[in-house]
Amino acid sequence: MSDARIVDGHVYVGESLYGWGVEADELVARLLAAGVTRAIAVPARPRGYHLGPANDAAAAAQRAYPDTLRSFARVDP
């Protein structure tokens, strides 16, 4: 038995202005089904481009799934 972990270094969470999106529950289910044990989640570029609520949602996803997700905030300099 191996203790190897698979980490996805860049996944999106939330609704995108391009019409696609994935919420935390579905994202984690997909990751685990694919054998991914941990992922770095960033907010998708939201409609209206209001990043504060999108960053809050990514942080909430991390709080809901602390063993699977780590989140980064998105900024637009």
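The values are calculated or read from the model by the stated rules, or taken from the named source; none is laboratory data. Only a predicted model underlies this, so the values are computations on that prediction, with no experimental measurement involved. Glycine gets a Cβ as well: all are built from the backbone with ideal geometry, and neighbour counts include every protein chain shown. These accessible areas exclude ligands, DNA and RNA; they are computed on the full protein's heavy atoms, side chains included. Shrake-Rupley method; radii C 1.70, N 1.55, O 1.52, S 1.80 Å.
Of the numbered criteria (1) touching a helix residue (DSSP H, G or I) at 6+ places or on another chain (Cβ under 8 Å); (2) open to solvent by less than 60 Å² (accessible area, probe 1.4 Å), the one Ala54 fails is (1).
Matching residues to (1) in contact (Cβ under 8 Å) with a residue 40 or more places away in the chain; (2) over 14 Å from Val7 (Cα atoms):
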residue	(1), (2)
Glu23	no, yes
Ala39	no, no
Arg47	no, yes
Gly52	no, yes
Ala57	yes, yes
Arg63	no, yes
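The numbered conditions (1) surrounded by 13 or more Cβ atoms within 10 Å (Cβ to Cβ); (2) over 24 Å from Gly19 (Cα atoms) are all true for Pro46 except (2).
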